[in-house]
1. If you go through the range 354-371, how many residues are part of a helix (DSSP H, G or I), of a type in the set (A, V, I, L, M) and under 12 Å from the mean Cα position of the chain (by Cα)?
2. Scan the range 113-146 for residues that are under 9 Å from the mean Cα position of the chain (by Cα), on the phi > 0 side of the Ramachandran plot and not charged (D, E, K, R) and jot them down.
3. Only one residue in W270, W255 is touching a residue at least 12 places away in the same chain (Cβ under 8 Å), surrounded by 18 or more Cβ atoms within 10 Å (Cβ to Cβ) and within 30 Å of I156 (Cα to Cα), so which one is that?
4. Take R357 and tell me if it is outside the structural domain of H112 (by the TED database), among the basic types (K, R), modelled with pLDDT under 95 and under 22 Å from L143 (Cβ atoms).
5. Mind checking which pairs have a first residue in the range 44-63 that is farther than 14 Å from Y75 by Cα and assigned by the TED database to the domain that holds T76 and a second that is open to solvent by 90 Å² or more (accessible area, probe 1.4 Å) and in a strand (DSSP E or B), Cβ under 7 Å, 6 or more apart or different chains?
6. Are any residues in the range 229-239 under 23 Å from the mean Cα position of the chain (by Cα) and either among the small types (G, A, S) or in a strand (DSSP E or B) (or both), and if so, which ones?
7. Residue check: is G263 loosely packed, with under 14 Cβ neighbours inside 10 Å and within 15 Å of T174 (Cβ to Cβ)?
8. Which members of the range 104-125 meet the condition of being closer than 20 Å to A372 by Cα, surrounded by 17 or more Cβ atoms within 10 Å (Cβ to Cβ) and of a type outside the set (G, A, S)?
Amino acid sequence: MPETAAPGPVPVPGPALVPSSGTVHWIGAGLSTGSGLAALCEAADRVRLWHRTGERAEQALTALGLTGRAEPRAYTLTALAAELAPGDVVVSMLPAPEHAGLLAACVAGRAHFACSSYVSDAVLDQVPAATAAGLVVLTEAGLDPGIDHLFAHGLIARARAEIGADTAAEVSLTSYCGGVPAVPNDFRYRFSWAPAGVLNALRSPARYIESGAETTAPRPWEATRTHEVDGESFEVYPNRDSVPFVGQYGLPPAWKPQAFVRGTLRLAGWFEAWRPVFARLSADTDSGSIADLARDLAARYPTTDADRDRVVLAVTLDVRDGSGRSWSGRYLLDLEGDAQESAMARSVSGMLATGVRAILRGALPPGLSRAAETPERAEEWLAQLAGEGIDFTLRLGD
């Protein structure tokens, strides 16, 4: 009798996904809330907008043209928790430090969670419980982080198909993003989020790969350099910690990064215009002084309804193997805001809505997803974004 193979291990099924209820709770209506909320009013059965007060929520809905299409609510964590039902989706536009409390309420109420922020340790600590409960925890689903992840996954997948994942190669990946004034001003900047957040980001050391070695810039602005995009000069500098994204983006082990930088893009002349700010950041180390500086900058450079913003995101990948064969590609998103919506709000809320629609369809597995974590899902989400007017270009070759 022919030999029969021994039975392999029986796969252990993962936790069952909690089915979507069709209800979305959008928390906060700040500068990054835009047409993505309107898109969810179309996709979801019910949308509730939670803001500081019910009146503020109503005003935000009126400004967005969504009166009667979403229910205004006065936000407190206790009030939100009382209205959560299994399968609801909580979308946070609140500052990242508040996400841990929101996620805890979601786990208790068996609701899914989504945000555009980086994953904090406090959120990571709760991911096992959320996963076991069958809940999706969608993070880094905005512009940067978010759309930049989609671009990187798309470029790496194309390069793998051309060069080969097992081929030894040297790699350069740069990902620079910035919100800037559409019409340059003397300050070379337009605040698209809280000034205190901008300043604190500048005070955080940046780790990245340069000349094949890990490098840290204690003061990121000191690593500012010129960066050309389609013949236009910008200034860029590294931020946060780029190194973990080598793994997150699935860069093949045979490919050695010579440069791997995720950073911030600013208009040419920004470094010179901000010299007094850098001097203050270097001299003042206590949070009170930084808060005073943030208030001063907000008062001196206010954002008005007449201002228009511009968002630029450029992600470039170059791969060269030992035989001299090379591959290069670049995604570029360059959007300008209009009277109806800022470019920042369109990008962030549009990407977040794309992710939330995936949760509503049951297309994401339980557990942590940092935007679209596979090339296939990245391509799907990019197609959806393009269909909603978030224009970008892909250029392959030199």
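1. Our first condition is that a residue be part of a helix (DSSP H, G or I); within the range 354-371, this holds for 354-361.
With the extra rule that they be of a type in the set (A, V, I, L, M), the set shrinks to 356, 358-360.
Now narrow it down to the ones that are under 12 Å from the mean Cα position of the chain (by Cα): none.
The total comes to 0.
2. First pass over the range 113-146, keeping only residues under 9 Å from the mean Cα position of the chain (by Cα): 115-118, 139-146.
Add one more test, that the residue is on the phi > 0 side of the Ramachandran plot, and what stays is 140, 146.
Listed by number, the list holds a single entry, G146.
3. On the way: W270 fails: within 30 Å of I156 (Cα to Cα).
After applying the criteria, what remains is W255.
4. Values: outside the structural domain of H112 (by the TED database): yes; among the basic types (K, R): yes; modelled with pLDDT under 95: no; under 22 Å from L143 (Cβ atoms): yes.
Judged against the criteria, R357 is not a match.
5. Close Cβ pairs satisfying both conditions: L61/T67.
6. Let us first name the residues in the range 229-239 that are under 23 Å from the mean Cα position of the chain (by Cα), namely 229, 234-239.
Answer for the range 229-239, where residues must be under 23 Å from the mean Cα position of the chain (by Cα) and either among the small types (G, A, S) or in a strand (DSSP E or B) (or both): V229, F234, E235, V236, Y237, P238.
7. Details: loosely packed, with under 14 Cβ neighbours inside 10 Å: no; within 15 Å of T174 (Cβ to Cβ): yes.
No, not satisfied.
8. Residues satisfying the conditions are H112, F113, C115, V119, V123.
The values are calculated or read from the model by the stated rules, or taken from the named source; none is laboratory data. Keep in mind the model is a prediction, meaning the values are calculated, not measured. Glycine also receives a Cβ, built like all others from the backbone with ideal geometry; neighbour counts cover every protein chain displayed. When the accessible area is computed, the model is the full protein with side chains, heavy atoms only, and any ligands, DNA or RNA have been set aside. Shrake-Rupley method; radii C 1.70, N 1.55, O 1.52, S 1.80 Å.
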